[in-house]
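Here's the structure we're looking at; comments come further down.
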Amino acid sequence: MTINFDPYSMDFATDPYPLYRRLRDDAPVYHHEGLNFWALSRYADVVAAHQDNEAFSSAGGVTIEPMVDMGLLIMKDAPEHRWHKALVTKVFTRDRMNAMEPFVRERCVRTLTTAAEKGEFDFVKDFAVQLPLNVISELIGIPEEVRADIHHFANMLLLRGDLDLAQVYQAKLAADEVYMQLIRERRARPRDDVITLLMNTELEDDSGVVRHLTDEELAVRFMELATAGHETVAKAIPNGAQALMRFPSERAKLLADRALIPNAVEEILRFDPPSQLQGRTTTRDVELHGVTIPAGAKTMLLTGAATRDERRFENPDVFDVSRDNDVVSIYFGYGIHRCLGIHLARLEIRVAFEELLGRFPEFQVFPERATRRVLSNVRGADTLPCQPGPQRSH
């Protein structure tokens, strides 16, 4: 039977995993003639493609459809990628992120307590979005009064499927204006924050020219950090909550031994990764499994399929908080495009479940009442009802 893999369908947004299995078994190098893209679904192939950034280029965008080059790191290849990334890598060191734990925990407790006071609340909008959005906003200096707009713009730019392109374009223009205004304010009144740091840092580009980032380049860094800094975590936390509902024995393990929570974070990201696919464009013919992907072809690296590959993981469709970690951890990207915020994301997810299970051990979410939207390369609940249950003294 013919496989029809459409990553921009509601069926895919709802549950892609049965289809992923078919792709891995029957079409590990898949070609969709109508949408004209290729897809790799086996773990070893996805890892190898991430490592070979010369053959699998990011410059053509990370989705199926063409993307305008807005200067995003994820759309740059070496050597330009190297000096752009070097600028912001110093912001997200492990030590710097670990030092943020008291702030992350305080913000988590405040957000969770406020949400639980409602009785039933929206686990996504009232908790999972608010935590990483406020943390990254504090880190890079986004004022509280525009944070809701920042989240709305990010969501609009990620939407796919049946949508109003005019609305998406207007959201892009509005987001550009917000970020440019923030840059103008920083120029007038520098602060002790990440954007001011980037503003004042000299860089040497791949041409050997020493200069500072332009306002336009700074605005792109602002947008990139704000969007990537909260969207994936905002989806990972609800994904984890739903997994704990589906596998109550694993939840019991965490309640009995909180030391398992860091490992559970890795399992949440493997079992149902928020970033499901990454697009590349081939720079030459690539032969794999007897199939030739031609040069210039859009090729999707299916993270969500790779992390459920039976060839790499035993019982991959089982959520197991005691599972040995995957040291490659492709759910944060791999190779030169490994996520800058990996340490902050792990910290936020860990703290979220430490506080959630510690304060509301009987919480319930209701996946059957969740809503979803078709997004570009991320997947997660748009809304998810939650009943916190009785609060335990903590």
Scan around residue 375 for amide H atoms under 5 Å from its own, H built in the peptide plane at 1.01 Å from N, and keep only partners 5 or more places away or cross-chain. 160
Rank 99, 128, 352 by mean-square fluctuation in a GNM of the chain with C-alpha springs under 10 angstrom and give only the top-ranked residue. 99
Hey, rough spin-label estimate for residue 200 and residue 120, points 7 angstrom out along Cα→Cβ, what's it come to in nanometres? 5.2
What's the magnitude of the charge dipole for the chain around its Cα centre, counting Lys and Arg as +1 and Asp and Glu as -1 at the beta-carbon? Answer in Debye, nearest 20. 660
Along the charge dipole of the chain, Cβ charges K/R +1 and D/E -1, which of 297, 225, 124 sits furthest on the positive end? 124
What is the spin-label model distance, in nm, from residue 10 to residue 51 if the labels are put 7 Å beyond Cα along the C-beta direction? 4.2
Which distance in nm do the two modelled labels at residue 25 and residue 362 give, with both placed 7 Å along the Cα-to-Cβ direction? 4.2
Over the chain, with a Gaussian network built from C-alpha contacts below 10 Å, which listed residue (213, 112, 340) shows the highest mean-square fluctuation? 213
Which ³J(HN,Hα) values in Hz, rounded to whole numbers, follow from the phi angles of the range 188-197 under the Karplus curve 6.51 cos²θ - 1.76 cosθ + 1.60, where θ = phi - 60° and Gly and Pro get x? 6, 9, x, 10, 8, 9, 5, 5, 5, 4
Percentage relative contact order, the chain, counting C-alpha pairs under 8 Å, at least six apart: 28
Part-to-part distance (alpha-carbon centres) for the range 101-151 and the range 361-394, which is given in Å: 15
Spatially near lysine pairs across the chain, Cα under 27 Å, sequence gap of 8 or more or different chains: 16
Where is the GNM fluctuation largest for the chain (alpha-carbon springs, 10 angstrom cutoff): 47, 146, 327? 327
Over its Cα atoms, what ratio of radius of gyration to 2.2 N^0.38 Å does the range 242-394 give? 1.21
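Readers should treat all values here as calculations from the given coordinates under stated rules, not as data from a laboratory. On a predicted model such as this, the values are computed, not experimentally measured, just so you know. Neighbour counts are summed over all protein chains in view; Cβ atoms, including those assigned to glycine, are modelled from backbone coordinates with ideal geometry.
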